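Input: a single structure, listed below in structure tokens.
Each reported figure results from applying straightforward, stated rules to the coordinates on display, with no laboratory input. Source: prediction; values computed, not measured. Methodologically, a virtual Cβ is constructed for each residue, glycine included, from the backbone with ideal geometry; neighbour enumeration extends over all protein chains shown.
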Amino acid sequence: MIRKAIKLGFKVVGVASAVAMSACKSTPPTKIDVTSRPTTGKTGVVGLEGIRGFASLSSADLDALRSKKVFFGHQSVGQNLIDGARAIGFPFSHVEDGASFATVSWGDAKIDKNGDPLRKFTSFKTLIADKGIGAKVDVATMKLCWIDFESGTDVGSLLAKYDADVQALRAANPKLQLLHMTPPLTTSDPGLNAVRWKFGRAMIDKYRTDGLIFDLAEVIATGEDGTLCEKRGAPRLCDGWSSDEGHLNDAGSQRAAKAFVAAVKRLVG
């Protein structure tokens with residue numbers, strides 16, 4: 001009787017283990033394929049392929065890019081990107097207004113404030129329009145951060161407000177090229193990451209044929225092998241690129257900066 005019970009026990013454990021192993025194998029990791037994306041032109045998406053694009057730039061290309069006027073409005077993850085840009089030869093300087101670009105090529109400024117995306121849109125618009133930056137630069141971009149999204153964020157409404165400001169800036173500065181940027185993700189919070197990712201995909205759907213989008217989220221949510229880092233079905237910041245739950249380490253910062261520079265190159269030619 002004891003031997004029979006032991007045998008039955010091992011059979012039950014064996015079946016349970018087999019089911020568990022089967023469940024683990026049923027969801028293969030997502031591979032990001034960007035081979036079908038165009039690598040030239042002023043419309044579309046620049047994500048992972050931007051890293052390779054940066055590597056293909058010649059010394060003459062890099063020198064020409066450094067002479068362009070670029071403005072970036074951001075908060076903390078944006079500072080990570082700026083640190084990465086400095087490390088690969090593209091230092092940013094803090095700017096206050098359009099007059100700053102008399103001596104600055106790549107300039108940045110903080111936009112107020114974290115947790116209030118509508119206020120960030122207004123802050124960016126003020127710098128571009130009222131502070132005269134739009135009339136002095138070739139490319140301008142801003143980034144929302146992961147902290148700007150909540151579980152109840154209305155993605156459609158938020159994108160509509162962003163687009164209203166985009167159209168106003170385009171009308172006021174017809175020569176200005178705006179580079180759209182998807183928001184970053186965190187290593188955890190799959191529910192919120194799903195909202196952040198959804199907003200980024202909505203940006204891509206809206207502007208890919210009427211502008212250029214730098215897909216920061218894709219760059220930092222994809223591992224070296226091209227596998228999408230996920231948690232409970234939501235893309236997330238890969239551990240290999242993170243310094244904490246929401247910010248980039250040196251490798252992640254430089255990875256993002258390379259793709260960012262490649263996106264700028266697409267716009268300025």
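Taking only the C-alpha atoms of the range 87-151, the Rg (one decimal) and the largest Cα-Cα distance, Dmax (whole number), read 12.9, 43 Å. Net charge dipole, the range 202-269: roughly 280 debye, given to the nearest 20, about the Cα centre with Cβ charges of +1 for Lys and Arg and -1 for Asp and Glu.
The H on the amide N of CYS229, modeled in the peptide plane, is under 5 Å from the matching H of THR222, GLY223, ARG236, each at least 5 residues off or on a different chain. The share of Cα pairs per 10 Å bin across the chain, counted from zero up to the longest distance, runs 7, 29, 34, 16, 5, 4, 3, 2, 0, 0 percent.
Of the beta bridges in the chain, as assigned by DSSP with both residues counted there, near 20 percent are antiparallel. Charging the Cβ of each Asp and Glu at -1 and of each Lys and Arg at +1, and nothing else, the dipole of the chain about its Cα centre rounds to 860 debye. Packing, taken as the mean count of other beta carbons within 10 Å per residue, orders the peptides 52-64, 194-206, 251-263 from highest to lowest as 251-263, 194-206, 52-64.
Could you grab the Rg to Rh ratio for the range 83-202? Cα atoms only, Kirkwood for Rh. Intermediate values should be presented prior to the final figure.
Values: Rg = 15.1 Å, Rh = 15.4 Å.
We get a ratio of 0.99 for the range 83-202.
Among residues other than ALA194 with Cβ under 11 Å from its Cβ, the summed charge is +4 (Lys and Arg +1, Asp and Glu -1). Listed values for the range 161-176 are Karplus-derived 3J(HN,Hα) couplings in whole Hz (6.51 cos²θ - 1.76 cosθ + 1.60, θ = phi - 60°), namely 5, 4, 5, 4, 5, 4, 5, 5, 5, 4, 5, 7, 9, x, 8, 6, and x replaces Gly and Pro. Cβ crowding within 10 Å ranks GLU218, GLU230 as GLU230, GLU218, fewest other Cβ atoms first. Here the range 134-152 and the range 55-98 have alpha carbon centers that stand 16 Å from each other. Counting other Cβ atoms within 10 Å as a rough exposure proxy, the listed residues SER151, SER105 run SER151, SER105 from fewest neighbours to most.
Pairs exceeding 27 Å between alpha-carbon atoms, taken from LYS161/LYS231; LYS42/LYS125; LYS31/LYS258: LYS161/LYS231. Picking from THR186, ILE204, ALA221, whose Cα lies most toward the positive end of the charge dipole for the range 147-248 (charges on Cβ: Lys, Arg +1; Asp, Glu -1)? Positive-end residue among those listed: ILE204. 3J(HN,Hα) couplings calculated from phi for the range 138-150 with the Karplus curve 6.51 cos²θ - 1.76 cosθ + 1.60 (θ = phi - 60°) are, in sequence order, 8, 9, 10, 8, 9, 9, 6, 10, 4, 6, 7, 10, 10 Hz; Gly and Pro show x.
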